[in-house]
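In what follows, a single structure is set out as structure tokens and then discussed.
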Amino acid sequence: MKYSKLRGWVWYAVLFLLFIGVSYFSFTAKPKTYPNYVTTSPAPTGTKALYTYLKKEKEVKSWNYSPDLLPNKDKNQMLIMVGPAFTPEKEVMQAYKDYMSAGNSILLLQTNPKGMFDLETDFIEKSPPQSNKWTRVKNQNNHSYKAEVYSDVRIRTIEGDQLLLSDQYGPIAVNRAYGKGHLIVAITPMWFTNDKLLKNDHLLLSFQLLNKGNPDTLLFDEYMHVGESKSTFLTVYPMWFLVLIFQGIFLGMLWLWYKGKRFGPLLSPREEWVRFSDEGIQAIAAWYLKGRRYQDSLHIQADYVKLLLQERWHIPYNKDWQDLTPYFERKWIGMPAREIKAFLIGLKAILKQEKIHKHEYLLWSKKLEILRKEVES
């Protein structure tokens with residue numbers, strides 16, 4: 001009897017050690033991925049190198065909060081927005097404007113800044129140089145520098161703008177007064193990245209932009225990359241503690257199983273299973289197809305996607321499809337803006353038709369299915 005108990009404990013010890021080994025290899029840290037232009041990123045597209053250097057020279061911080069928490073009085077600060085990941089709402093933009101009007105500066109580096117701070121741009125006729133091809137850039141004192149400029153637009157200046165940098169195609173960086181402060185705009189966020197900072201004259205040009213107005217404090221805006229930072233259960237506690245928690249849960253289940261407890265689903269009555277199974281859905285779909293009620297089916301599918309948009313993306317249900325372009329541009333990252341607009345216009349048109357052909361139905365049903373998966377992911 002004692003021998004059998006001892007053998008049982010040996011097997012439990014073996015299972016425990018095996019579980020620890022599997023847990024260790026399962027929770028081995030994987031290479032971390034970073035958004036572009038963030039100050040914590042050592043990747044080629046990050047800005048950690050510049051951020052780390054500037055912290056040694058002057059007061060530099062990263063700003064992870066909503067702009068309405070920025071000081072509304074003159075602090076002689078410069079807020080640096082490198083490659084914002086989205087265009088903020090009107091209320092958020094107003095908070096940034098109030099920050100500048102109080103006497104502070106914003107340095108905006110965006111490949112195409114149109115749509116932010118009432119900025120306008122013009123497309124250039126000739127394509128900009130490709131990767132590793134430099135062009136000649138001049139500053140306001142007509143000094144010439146080597147730099148890479150990949151943007152296919154140039155900033156449209158207005159009366160009162162101070163031209164800071166330009167090339168043969170037009171303005172690359174301008175300084176615009178905003179109340180007591182200034183908005184400095186450049187179309188070259190890649191100059192600040194780890195990969196491009198020390199190439200050509202990017203470092204010199206970057207310092208010319210950063211030193212504009214001689215700010216006392218530099219704030220790197222991370223809110224425009226990842227939104228407001230939120231802590232979760234997985235980020236608050238260390239990994240070793242989480243591993244112990246999961247091991248404890250597993251061992252607790254083994255103990256309950258050893259004591260004779262059993263786990264499993266409750267069996268449902270067959271009538272309920274038959275009534276609410278996928279067979280009913282398949283029958284309804286077949287009825288729509290055989291009756292060629294393609295338009296009704298497409299309306300139902302589109303209506304369901306709208307409900308998902310309200311639930312997952314917080315887009316009002318009563319919004320017209322054609323009015324959803326700005327929402328989709330912020331949420332549907334993998335889809336270009338021009339394709340999003342064409343998709344919504346086409347969807348609205350097809351839903352207005354009284355009758356549609358089968359191939360049109362299959363085409364738009366597939367497109368709605370792709371949108372549904374994007375919303376649910």
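Things worth noting here:
Yes/no matrix, rows are residues, columns are (1) crowded, with 20+ Cβ neighbours inside 10 Å; (2) of a type in the set (F, W, Y); (3) over 24 Å from K75 (Cβ atoms):
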| site | (1), (2), (3) |
| --- | --- |
| K133 | no, no, yes |
| K138 | no, no, yes |
| Y145 | no, yes, yes |
| E148 | yes, no, yes |
| R156 | no, no, yes |
| A177 | no, no, no |
| L197 | no, no, yes |
| N200 | no, no, yes |
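- Selection of the stretch 311-324 for residues being free of Cβ contacts under 8 Å to residues at least 40 places away in the same chain and surrounded by fewer than 15 Cβ atoms within 10 Å (Cβ to Cβ) yields E311, H314, P316, Y317, N318, K319, D320, Q322, D323.
- Residues in the stretch 214-227 that are assigned to a loop (DSSP other than H, G, I, E, B), surrounded by fewer than 17 Cβ atoms within 10 Å (Cβ to Cβ) and touching a strand residue (DSSP E or B) at 6+ places or on another chain (Cβ under 8 Å): D216 alone.
- Filtered residues of the stretch 18-77 (kept if at pLDDT 85 or above, in a loop (DSSP other than H, G, I, E, B) and among the basic types (K, R)): K58
- Some residue of the stretch 316-328 being aromatic (F, W, Y), modelled with pLDDT under 80, touching a helix residue (DSSP H, G or I) at 6+ places or on another chain (Cβ under 7 Å) and not assigned by TED's automatic domain parsing to the domain that holds F86: no
- Taken over the stretch 347-367, residues that are in contact with a helix residue (DSSP H, G or I) (Cβ under 8 Å, 6 or more places away or on another chain), loosely packed, with under 15 Cβ neighbours inside 10 Å and of a type in the set (A, V, I, L, M) amount to 0.
- Pairs meeting the criteria (first residue in the stretch 199-222 and over 24 Å from Y65 (Cα atoms) and touching a residue at least 60 places away in the same chain (Cβ under 8 Å), second residue of a type in the set (F, W, Y) and surrounded by fewer than 21 Cβ atoms within 10 Å (Cβ to Cβ), beta carbons under 7 Å, at least 6 apart or on different chains) are N200/W134; D201/Y145; L205/Y145.
- Entirely in the stretch 93-168, the strands (runs of 3 or more DSSP E) that have 2 or more residues that are in the same structural domain as T193 (by TED's automatic domain parsing) and of a type in the set (G, A, S): 144-147
- When residues in the stretch 78-92 are screened for being in a loop (DSSP other than H, G, I, E, B) and more than 20 Å from T39 (Cβ to Cβ), 2 of them pass.
The values are calculated or read from the model by the stated rules, or taken from the named source; none is laboratory data. Computed from a predicted model, the values in this text were never measured in an experiment. For neighbour counting, all protein chains shown are included, and Cβ atoms are generated from backbone atoms with ideal geometry for every residue, glycine included.
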